[in-house]
Amino acid sequence: MSSFDAVLLLSFGGPEAPEEVMPFLQRVTAGRGIPAERLAAVAEQYQAFGGVSPINAQTRALREALEADLNVGVARDSADFLPVYWGNRNWDPFLSDALTQMRSDGVLNAAVVVTSGYSSYSGCRQYRENLYDSVTQVQADEVGPVPTLSKIRRWFDQPAFIEAMTDNVVAAIEALGPAAGPAPELAFTTHSIPIAQAQNSGDPALGGQMYVKQHEFVAGAIANAVAARIGTELPWKLVFQSRSGPPTMPWLEPDISDHLDSLKAADVSDVVIVPIGFISDHMEVMWDLDTVAMQHARDIGLNASRASTVGCDPRFVAALAGLVRERQESVPQAEQVALGPWGPAPDACPVGCCPNPRGDRPALCGADS
């Protein structure tokens, strides 16, 4: 039926027991010179939730939903059934283990769906480096080759993502309660990254800065859709969260808590926090937003609510499945759906896209592979 005989869902990973927290954090931050006291502080955040990050459970749910959408009406024992495997960058199930299992199961050609939807080194190129490293690791046993891997294009510009997040924002506006004013502010949040990485993000032919530009596009599209739904245009701003680098390194700002202070100083009374840079309500949402930012809003007297992430919204899952089908059916780029002004992303990342700030390393699924 198709050139793909499997799909690989590639995610970040997270600990699922208290004793896994510190090894996980050490793996994530290896080579970055993060002080031990900083890791201990972050570990306390995980321990506040029982030492379990929700990201693995959320990715399991997404894997099941994606597999179900890809196989409507197809029996599991049919030759046309498209299984969805799952591998993580930083914790069990590791990517190399997933590839080993796929090889054992006879998979020859797999589409790769990455849970990060925007252009940046950590959100795109690093996953491609992970694919190269894991393929090299698995093939080193000389048992046989691993499947050919084809990464689907970024999903931030899919109509279903905008539609689902619009619904979430409208629900969060309603959650502000009857005392809310007529025009709450929308604070769209994403992970802060070093400014140098942000400047070099995306296809060099587009001039860089694509990490911020893509997020600003998504924020504007959601804000416009919300305005059409509620009949009122709401002021909005893209802000950042979860920075983890040394204070001497400039990262994208403003931080969400600093932005809340600015809103309060401007006599704003109501704000909806909208996490558009995250696929699910994992630790960076539960801690940095639900725990820290929401408490800060209460402390300074802001009426705040937080919109849900897209999660396993059936429309979004169907869009991911559609991108897999698009690739396996070789749909011409001119016919591909993409809302952004840049058109659909190419199947293979171009040379120089989202470069590694520490120097070139081999990567798969790109024009330079």
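The values are calculated or read from the model by the stated rules, or taken from the named source; none is laboratory data. All of these numbers come straight from a predicted model, not from anything done at the bench. Note: ideal-geometry Cβ built from the backbone for every residue, glycine included; neighbour counts use all protein chains shown. The accessibility values were calculated without ligands, DNA or RNA, using every heavy atom of the protein model including side chains. Shrake-Rupley method; radii C 1.70, N 1.55, O 1.52, S 1.80 Å.
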_Against the definition (buried (at least 20 other Cβ atoms within 10 Å of the Cβ) and either within 17 Å of the chain's Cα centre (by Cα) or among the basic types (Lys, Arg) (or both)), how does residue 281 come out, yes or no?_
no
_Looking at the stretch 187-198, I want the residues that are farther than 20 Å from residue 270 by Cα and have a partner that is surrounded by fewer than 21 Cβ atoms within 10 Å (Cβ to Cβ) and of a type in the set (Phe, Trp, Tyr) with Cβ atoms under 7 Å, at least 6 apart or on another chain. Which pairs are those?_
192/251; 193/251; 194/251; 195/251
*List, please: which pairs have Cβ atoms under 6 Å, are six or more places apart or on different chains, and start with a residue in the stretch 287-306 that is in contact (Cβ under 8 Å) with a residue 40 or more places away in the chain and over 15 Å from residue 54 (Cβ atoms) and end with one that is among the aliphatic types (A, V, I, L, M) and open to solvent by 40 Å² or more (accessible area, probe 1.4 Å)?*
305/175
*Just checking, which of 79, 111 is part of a loop (DSSP other than H, G, I, E, B) and either among the aliphatic types (A, V, I, L, M) or without any contact (Cβ under 8 Å) to a residue 40 or more places away in the chain (or both)?*
79
_Any residue at all in the stretch 118-128 that's surrounded by fewer than 22 Cβ atoms within 10 Å (Cβ to Cβ), under 22 Å from the mean Cα position of the chain (by Cα) and within 28 Å of residue 203 (Cβ to Cβ)?_
yes
*Output the qualifying pairs, or none if there are none: Cβ atoms under 7 angstrom, residues six or more apart or on different chains, first residue in the stretch 264-277 and open to solvent by 60 Å² or more (accessible area, probe 1.4 Å), second residue in a strand (DSSP E or B).*
269/303
*Given 133, 167, which one is over 17 Å from the mean Cα position of the chain (by Cα) and closer than 30 Å to residue 272 by Cβ?*
167
*Pick out the one residue from 292, 268 that is part of a helix (DSSP H, G or I) and either more than 27 Å from residue 157 (Cα to Cα) or at pLDDT below 95 (or both).*
292
*Count of residues meeting criterion [open to solvent by less than 60 Å² (accessible area, probe 1.4 Å), farther than 30 Å from residue 357 by Cβ and touching a residue at least 40 places away in the same chain (Cβ under 8 Å)] in the stretch 224-248*: 5
*Would you check which residues across the stretch 153-203 are part of a loop (DSSP other than H, G, I, E, B) and either over 19 Å from residue 119 (Cβ atoms) or among the acidic types (Asp, Glu) (or both) and list them?*
157, 176, 177, 178, 179, 180, 181, 182, 183, 184, 203
*asked:* Show the residue pairs meeting these rules: Cβ distance below 7 Å; 6+ apart or different chains; first residue within the stretch 139-150 and in contact (Cβ under 8 Å) with a residue 40 or more places away in the chain; second residue among the basic types (Lys, Arg) and open to solvent by 20 Å² or more (accessible area, probe 1.4 Å).
replied: 144/103; 146/103; 147/103; 150/327
*Answer yes or no as to whether residue 120 is over 24 Å from residue 91 (Cβ atoms) and in contact with a helix residue (DSSP H, G or I) (Cβ under 6 Å, 6 or more places away or on another chain).*
no
